[in-house]
Structures are given as C-alpha cells and as structure tokens.
1. Which of these, SER139, SER165, SER121, has the largest mean-square fluctuation under a Gaussian network model of the chain (Cα springs below 10 Å)?
2. When the Debye formula is applied to the Cα atoms of the stretch 72-141, each taken as the same point scatterer, what base-10 log of I(q)/I(0) results at q = 0.23, 0.24 Å⁻¹?
3. Angle between the Cα long axis of helix 283-293 and the longest principal axis of the chain, 0 to 90 degrees, nearest 10?
4. With the chain treated as a Gaussian network of Cα nodes joined by springs under 10 Å, which of SER119, SER318, SER226 yields the largest mean-square fluctuation?
5. Could you check the spin-label model distance between SER7 and THR69? Points 7 Å from the Cα along Cα→Cβ, value in nm.
6. So what's the angle, to the nearest 10 degrees on a 0 to 90 scale, between helix 264-279 and the longest Cα principal axis of the chain?
7. Taking every DSSP beta bridge with both residues inside the stretch 11-157, roughly what % is antiparallel (nearest 5)?
8. Quick one: 3J(HN,Hα) in Hz for the stretch 77-88, Karplus 6.51/-1.76/1.60 with θ = phi - 60°, rounded, Gly and Pro as x.
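No lab work stands behind these numbers, since they all come straight from the coordinates. Quick caveat: nothing in here was measured; it's all calculated off a predicted structure. No Cβ is skipped: glycine too gets one built from the backbone with ideal geometry, and neighbour counts run over all protein chains shown.
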Amino acid sequence: MPKDEISIPPILKIERGVTANIGEYLKDAGFTQVVILFGNGLTDMFGKTVFESFDKAGVKVLHHQEMDTVDFNDITELAFELPNKTQAVIGMGGGKVIDAAKYIGYVLRIPFISVPTSSSSDGFSSSSASLIVDGHRKSLPAKMAYGILVDTDVIKSAPVRFLYSGVGDMVAKIQSTYDWQHEEDLGYDEVNDFAFMVAKKAVNSFVRTPFESIEEDLFLKELLDSLAMSGVANEIAGSSAPTSGSEHLISHALDSFLERPQLHGVQVGIATYIMCKICDHRWKRVDTIFTKTGFWDYCATLDLKAEDYAKAIDMAPSVKPHRHTYLHEEKYREMAKALLTTDNKLKDILKA
C-alpha cells in the first residue's frame with residue numbers, strides 16, 4: 001500500500017571530495033554525537049579522513065567499529081549496546097554495513113546516514129534491509145536514509161565489477177516497471193503513478209547519459225543519482241515493486257542455490273535482458289547500454305551456466321508468490337528458458 005507519509009533524504013551529496021566533508025554535512029544537519037560503522041577493512045582506508053572531518057566540525061564519535069555481518073541477532077544486539085546519546089548512525093561501505101546501519105536506525109528510531117563506497121546496487125537508498133534471520137536471508141523493513149553521501153572519487157577506487165553491478169541493477173528498472181504495469185493490468189496490484197514516474201525517470205535519465213568511459217564523473221553521478229531516485233520510488237510506493245520485478249526474482253532464486261552467486265546487479269542485469277527480450281520491451285536499449293559500458297564483456301569472463309538460469313526461471317514465482325510478474329505465467333517462463341540457448345548474446349556469456 002502507498003504510504004500516507006514518505007521520507008525523502010534531506011541530505012544528498014553525490015560529488016567529488018564528499019568524504020573529507022562528512023563532519024561538516026552532519027554538523028549542518030544538527031548531528032554532533034554519532035556512531036559510525038565501517039565495512040570490513042575500510043577503517044584503514046577512509047578512517048583518518050573521516051575522523052579528521054568530524055574533529056574539524058566538532059562532531060563527536062561515540063562509537064565506531066567495522067561490521068562484516070548481516071545476522072539479525074548480531075545487529076540487534078549491537079543496536080541496544082550503543083550509547084543513548086547517539087543522534088545518528090552512519091554506515092560507510094558496501095551492502096552489508098549499510099543494511100546493518102539502516103536496520104539499527106530503524107530499531108532505535110534515529111536517523112541513518114548512508115555512505116556507500118561502491119555503486120553495486122540501489123540498496124544504499126532503499127528503506128529495506130537484507131538480513132540473515134534464522135539462517136535465511138530476508139528483506140526486513142528498515143530506515144530510509146536521512147542522508148546519502150557519495151564520494152565519486154571513492155566510487156572510482158572500488159573494483160570495476162561493482163560499477164557493472166550498479167549498471168545492471170539500474171537498467172533493471174526498465175523491466176521492473178513493465179512488470180508492475182502488467183500486474184495492474186491483470187488486477188493483481190495497483191500502480192502508484194508518482195512512484196512509477198520516478199522509477200521510469202531514473203532509468204531513462206541514466207540510459208540516455210552520453211559517455212566515453214564508465215569512470216567519467218558525469219556517468220558516475222548519473223548512475224548514483226538514478227540509484228538514489230530508485231530508493232525514493234520504493235519509499236513512495238511502500239514496496240519494492242517499482243524497482244524489482246521478474247528480473248530480481250531470477251537473481252534471488254540464483255542466490256538461494258548457487259554456492260557462489262555473482263554480484264546482485266550482474267545477475268539482475270542478465271535477467272533484465274532475458275525478460276525484456278521475451279516481452280519485446282526495450283531490449284535493444286538494454287543491449288546497447290550493456291555493450292557500450294562493457295557489461296557484456298565482463299559477464300563473459302564469469303563462469304555462468306545456462307542451466308542455473310533455467311532453474312532460477314522455474315523457481316522465480318515461488319520467490320514471491322504474492323506477486324504476478326511475467327514469470328508467474330508459464331508461457332513466459334518457457335520463452336525465457338528457450339532464449340538461454342538461442343540468443344546470441346546469451347550464448348556468449350552462458351555456458352551450455
């Protein structure tokens with residue numbers, strides 16, 4: 001159901017040099033006593049710069065540590081051990097630490113500040129957290145970021161595979177919105193027009209960005225801006241429907257049985273091409289952006305198997321049985337599986 005009230009991040013900085021000014025941004029927002037969680041190994045990489053910015057701005061760090069777990073029990077235990085004077089919790093790193101920090105913000109009802117160090121998905125701007133509960137990964141309600149602070153120089157320093165993952169996750173909105181409209185057409189859901197518009201505008205702005213290299217500042221800013229807008233679209237809708245459709249179900253299914261799944265956005269990107277092709281919906285645009293960015297070339301270096309994607313396609317409806325994407329219909333599942341071994345692009349990246 002759409003929300004009566006929505007949260008929009010009052011702080012949004014996506015530019016060069018953000019890391020050295022984090023303290024200033026927090027002080028301007030009225031936060032002077034904070035907790036910061038770093039991803040594994042990131043204290044050595046960014047801690048000195050971050051702590052110096054806090055000192056300069058007069059922001060006191062009540063607690064800091066590295067966090068490399070998304071276990072529900074570990075995160076809730078930490079949440080209730082934090083000082084009562086904590087005004088905001090900051091998560092700096094990849095998906096794990098950001099999910100942990102946003103859930104802590106949700107539990108303690110304090111603002112969460114998202115500081116991603118890679119562009120691998122739109123998780124840094126979403127209001128849900130992917131945590132391990134009783135040994136199984138679950139998506140739980142969490143805290144929409146009060147602030148999103150992204151240093152494009154830091155994003156450039158991350159391994160390029162994270163950029164490809166971000167490209168795949170962003171392009172996925174072409175299919176997810178198409179699935180959502182399909183659900184409304186069949187009476188399974190009601191599209192929130194504003195959330196739909198935001199999600200569409202986000203992906204269209206991104207795929208139309210002129211670039212020569214994916215490490216250009218303009219390209220990175222457009223990618224990150226669009227990923228941030230995607231999180232807002234979900235907040236408006238009160239669900240992930242605007243940005244997560246059949247292509248995400250394939251990726252979630254792969255995660256459930258592969259011993260070593262690929263990055264989320266990589267799996268989602270491939271699944272987006274599959275679904276757009278069988279739906280005859282903007283697949284040429286998807287192919288063009290994947291070719292120009294080097295996404296396809298990267299996928300070709302991975303040990304991907306057609307049989308795994310076929311299995312995931314069959315499993316997709318059971319991942320979210322309450323949804324009704326194109327993959328919830330048998331004819332589209334059969335078309336998708338047939339495409340795996342007949343489409344030239346897929347034959348280049350998926351081993352028989």
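1. SER139
2. Calculated log10 I(q)/I(0) at the listed q: -1.01, -1.08.
3. Taking the Cα atoms of the chain, the angle to 283-293 is about 50 degrees.
4. Sorting by GNM fluctuation, first place goes to SER318.
5. Taking the simple label geometry, SER7 and THR69 are separated by 2.4 nm.
6. For helix 264-279, the angle is close to 30 degrees.
7. Working: 6 of 30 bridges.
Around 20 percent of the beta bridges assigned by DSSP in the stretch 11-157 are antiparallel ones.
8. Rounded to whole hertz, the list is 4, 5, 3, 7, 9, 6, x, 5, 7, 4, 9, 7.
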